[in-house]
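Step one of this worksheet: look at the structure below.
The values are calculated or read from the model by the stated rules, or taken from the named source; none is laboratory data. Treat the numbers as computed from the prediction; the structure is a model and nothing was measured. Please note: Cβ atoms are built from the backbone with ideal geometry, for glycine as well, and neighbour counts cover all protein chains shown. SASA here: full protein model, heavy atoms, side chains in, ligands and nucleic acids out. Shrake-Rupley method; radii C 1.70, N 1.55, O 1.52, S 1.80 Å.
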Amino acid sequence: MSTAQTNSRANRMSVGDFAREYGVLVIIAVLLIGLSLISDNFLTARNLLNILNQSAPLAIIACALTLVIIGGGFDLSTGAIFGVASVSAGWIAINVDPYMAIFAGPLIGLLLGAVNGIIITGFGVHSFLVTLATSLVYRGIAILVTDGSLIPVRIAEFSWLGRGRIGVVNIAVIVLLAFMVIFMILLNRTTFGRRVYAVGGNEEAAILSGIRTNLVKIMTFSLCGMAAGLAGVIAVSRISMAEPQAGTGMEFEAIAAVILGGTSIMGGAGAVWRSVAGVLLMALINNGFNILNVNPFFKDLTTGVIIVIAVALAASGSRRR
């Protein structure tokens, strides 16, 4: 191979790497510019803060789901855990204590996520199948808790988490930013984070190097469940209503956001901040189409095309490596 061909290939690879690393930011920038030119109501502090606030629960789930996928797993139960945690928090807020309910939601999510991880590692079943099954079980639990009815939760000591503000910024947005920073540090600055990458990159090599891979997997699923529980509490405190079907389809939105952020579905590569960017990209598409009053079909079509491109870029990168 000639020097020119080698340089050309290196340049192509660097472009591909850039697209996977920062492509989501480029698309977000293009959307911000385009929508601000089309509509005067888009690029306002109020609208942008509203987008962040509405996206906070999904972005929190995406942060933790990133660890699961980097570790070579898949979690289809986050939406159901969201539902169980939200109705449980609502019930506890009314019948026990509103402050206890805020902490109970993430704790319940943590326990349900741990159950996922224990079943996956204990029986050696693929996480896709396990979490698909447990999502049905968890959804049934949510219905049992509420007897299929709605639970109104109009308690100020509980609703501050979803409705409160510090200055002009919603508390939910502050929680999201803190959560994102914590998970970025956890993934990039700790031994646990390095082990997550190692397990997802090559599990057999990780075992040979002495990493307790099953424990790492259980921890990633537990953290993902905790995130879904926290997201459920925020959502209930915002709308003051707990319902057993809350979070339906949310797992697919979270997975889509993580993939849009460039996290490899094969495991071993990804970043928390990019997953949050993926959530914001989906939110901007939704917000833009709402402002422009465009048929929702085109919103789903646009999101789907972008996801396909993101998956194709990730797959091509894996083949080259």
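For residue 111, the conditions (1) open to solvent by less than 20 Å² (accessible area, probe 1.4 Å); (2) not in a loop (DSSP other than H, G, I, E, B) are fulfilled apart from (1). Listed conditions (1) among the basic types (Lys, Arg); (2) open to solvent by 60 Å² or more (accessible area, probe 1.4 Å); (3) in a helix (DSSP H, G or I) are all met by residue 154, apart from (3).
Of all residues in the stretch 139-159, those that are among the charged types (D, E, K, R) and within 14 Å of residue 105 (Cβ to Cβ) total 0. Based on this model, can you work out whether residue 251 counts as more than 25 Å from residue 100 (Cα to Cα) and not hydrophobic (A, V, I, L, M, F, W, C)? Taking the combined requirement at face value, the residue satisfies it. Screening residue 143 with (1) open to solvent by 50 Å² or more (accessible area, probe 1.4 Å); (2) without any contact (Cβ under 8 Å) to a residue 40 or more places away in the chain; (3) assigned to a helix (DSSP H, G or I) gives one miss only, at (2). When residues in the stretch 201-249 are screened for being in a helix (DSSP H, G or I) and either buried (at least 24 other Cβ atoms within 10 Å of the Cβ) or among the hydrophobic types (A, V, I, L, M, F, W, C) (or both), 27 of them pass.
Can you confirm whether the stretch 167-189 contains a residue that is aromatic (Phe, Trp, Tyr), without any contact (Cβ under 8 Å) to a residue 60 or more places away in the chain, surrounded by 15 or more Cβ atoms within 10 Å (Cβ to Cβ) and assigned to a helix (DSSP H, G or I)?
Within the stretch 167-189 (the criterion being aromatic (Phe, Trp, Tyr), without any contact (Cβ under 8 Å) to a residue 60 or more places away in the chain, surrounded by 15 or more Cβ atoms within 10 Å (Cβ to Cβ) and assigned to a helix (DSSP H, G or I)), the answer is no, since none of the residues qualifies.
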